[in-house]
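Below: one structure, written as structure tokens.
The values are calculated or read from the model by the stated rules, or taken from the named source; none is laboratory data. All of these numbers come straight from a predicted model, not from anything done at the bench. Glycine gets a Cβ as well: all are built from the backbone with ideal geometry, and neighbour counts include every protein chain shown.
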Amino acid sequence: MARPMHGWLANWLERHQHPVSRWLHYVGIPLTILACVVAGFQLHAWRWDLWWRPVVLLGVGYLLQWVGHLLEGNDMGEVILVKKALGRPYVAVSPRYRADAAK
């Protein structure tokens, strides 16, 4: 069953509490989405010579988010999915921000 949007947003906000990390995500997420849009337009127009544009957008977008998660002290969402599938431990919320760490 799908979670309501407010539940997803609350989870995202809990995982991204560091102000610099949050701003890096505010820039990085749109860049990764823009990379997909640019790639789609280029494929539609058969512009194979401009392959580097979506690659650079995607790389910069993910790099910014990765740096944000380094600052935050937790794993990226995609890394969490892979670790879960492999049965490995992961850090969803940085220990310094977890609610149970305050006790």
Only one of these is of a type in the set (F, W, Y), at pLDDT below 95, assigned to a helix (DSSP H, G or I) and surrounded by fewer than 12 Cβ atoms within 10 Å (Cβ to Cβ): W8, W12. Name it. W8
Please determine, by comparing only the residues of the stretch 35-59 that are surrounded by 15 or more Cβ atoms within 10 Å (Cβ to Cβ) and not polar (S, T, N, Q), which one is nearest to H16 (Cα to Cα). L58
Which members of the stretch 80-95 meet the condition of being charged (D, E, K, R) and part of a loop (DSSP other than H, G, I, E, B)? R88
